[in-house]
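What follows is a set of notes on a single structure, which appears directly below.
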Amino acid sequence: MTSTAIPVLRTAYQQSIADYWNAERDPVNIRLGEVDGLFHHHYGLGDYDPAVLNGSDDDVIAELHRLETAQADVLLDHLGDVRPEDALLDAGCGRGGTSIMANARFGCRVDGVSISEKQVEFGNGEAKRRGVDDKVAFHFRNMLDTGFETGSRRSIWNNESTMYVDLFELFAEHSRLLRFGGRYVTITGCYNDVTGGRSKAVSQIDERYTCSVHARSQYFKAMQANGLVPITVVDLTPATIPYWELREQSSVATGVEKSFLQAYREGSFHYLLIAADKV
């Protein structure tokens with residue numbers, strides 16, 4: 001009897017996402033990462049130093065990168081009591097910046113998964129360049145079905161990657177992978193159920209990134225259905241607005257900044273951190 005391997009990319013939509021990120025060479029991701037070799041695929045938190053606007057473009061780039069790294073630090077702060085012998089999972093890892101930071105902080109094993117083969121190749125190259133490829137590895141796998149062992153993870157996170165998948169499927173896989181008492185953390189943008197459906201600004205964000213932003217309520221419904229109990233919920237919206245204001249004035253602005261700022265300011269969109277424990 002022969003078995004057929006399940007493909008990593010299972011739908012035309014997943015293939016389109018992979019194609020997008022395999023081809024992506026956006027300066028807002030590459031140039032910022034070149035500041036110190038941490039390549040992020042998420043946004044920033046905290047007030048920026050207004051003095052950078054009177055300096056060079058490099059000063060603005062460095063400040064944007066500082067805010068993005070600060071965002072990753074906030075996520076890592078909520079991963080729980082991680083020990084060097086533990087194993088973590090970065091679901092939708094991008095080029096791997098947060099995984100590199102997690103290993104540096106905790107000294108533990110970190111695996112990242114992405115459906116972009118280019119991102120996986122890039123991340124593994126960075127891990128090798130930094131000499132941590134014995135502890136940090138990136139894999140061409142689907143975060144809805146990673147293939148990792150049940151109960152093998154102390155903590156798992158999604159850093160702005162949940163909007164590409166069904167939350168019930170995603171949290172079912174995370175719940176399978178987490179050991180009892182393990183911690184799941186996400187930082188994500190979500191639309192505000194109170195104001196109705198997706199606003200025009202949120203729809204523009206979806207179109208820009210070929211994603212589908214979820215309603216705020218869907219996160220909690222999907223967690224409850226899969227044994228993930230929220231312990232911390234933080235509205236990061238006020239803390240991320242300065243990042244977008246600075247980025248709008250930078251050389252790496254893409255045009256989507258206006259949509260984010262409008263959505264945040266009108267209250268149709270929230271930037272949340274949710275930490276939940278597996279029970």
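Here are some notes:
- Anchor LYS128: lysines whose Cα lies under 17 Å away (excluding residues fewer than 8 positions away in-chain): LYS118
- Loop-resident chymotrypsin sites (Phe, Trp or Tyr not before Pro) (DSSP state other than H, G, I, E or B) in region 81-166 with no more than 12 further Cβ atoms inside 10 Å of their Cβ are absent.
- DSSP-loop trypsin sites (Lys or Arg not before Pro) across region 1-108, with at most 13 other Cβ within 10 angstrom: ARG10, ARG25
- Three-way shape call for region 1-118 based on the alpha-carbon gyration tensor, with the a/c threshold at 1.5: oblate
- Cα-based shape type of region 179-279, given that a ≥ b ≥ c are square roots of the gyration tensor eigenvalues and the cut on a/c is 1.5: prolate
- Karplus-derived 3J(HN,Hα), 6.51/-1.76/1.60, for each residue of region 235-242, Hz, glycine and proline x: 7, 8, 3, x, 7, 9, 4, x
- Charge tally for THR150 (other residues, Cβ to Cβ under 14 Å; Lys, Arg +1; Asp, Glu -1): +2.
- Fraction of accessible area attributable to carbon and sulfur, the chain (%, probe 1.4 Å): 52 percent
- Computed helical MRE - 222 nm, the chain, DSSP H runs ≥ 4 contributing -39500 (n - 2.57), nearest 500: -13000 deg cm²/dmol
- Selected from VAL110, VAL234, VAL35 as most flexible by GNM, with the chain as the system and alpha-carbon contacts under 10 Å: VAL234
- The length gained on full extension between GLU245 and ARG179, counted as 0.36 nm times the residue separation minus their Cα-Cα distance, comes to 19.7 nm.
- The shape of region 13-55 comes out prolate: with a ≥ b ≥ c from the C-alpha gyration tensor, a/c is at least 1.5 and a/b beats b/c.
- Listed residues ALA12, LEU272, LEU45: farthest to the positive end of the dipole of the chain (Cβ charges): ALA12
- Counting charges near ASP47 (Lys, Arg +1; Asp, Glu -1) among other residues having Cβ under 12 Å from its Cβ returns a value of -2.
- Zone of ASP77's modelled label, taken as backbone nitrogen in region 38-62 under 17 Å from a point 7 Å along Cα→Cβ: 43-48
- SER56/GLU266 FRET efficiency (R0 25 Å; Cβ-Cβ; nearest 0.05): 0.15
- Once the 1.4 Å probe is applied to the protein heavy atoms, the chain comes out at 42 Å² accessible per residue.
- Relative contact order for the chain, counting Cα pairs under 8 Å that sit 6 or more residues apart, in percent: 19 percent
- Full extension of the chain between PHE168 and ALA104 yields a length gain of 19.9 nm, computed as 0.36 nm times the residue separation minus the alpha carbon distance.
- Of the GluC sites (Glu not before Pro) in region 120-228, those whose Cβ has at most 11 other Cβ within 10 Å and which sit in DSSP loop: GLU149
- Descending semi-axes in whole angstrom, ellipsoid equivalent of region 91-199, from the Cα gyration tensor: 25, 17, 13
The values are calculated or read from the model by the stated rules, or taken from the named source; none is laboratory data. Remember, predicted model here, so these are calculated numbers, not experimental data. Using ideal geometry, Cβ is built from the backbone for each residue, glycine included, and neighbour counts are taken over all protein chains shown. What goes into the accessible areas is simple: the full protein's heavy atoms, side chains included, and nothing from ligands, DNA or RNA. Shrake-Rupley method; radii C 1.70, N 1.55, O 1.52, S 1.80 Å.
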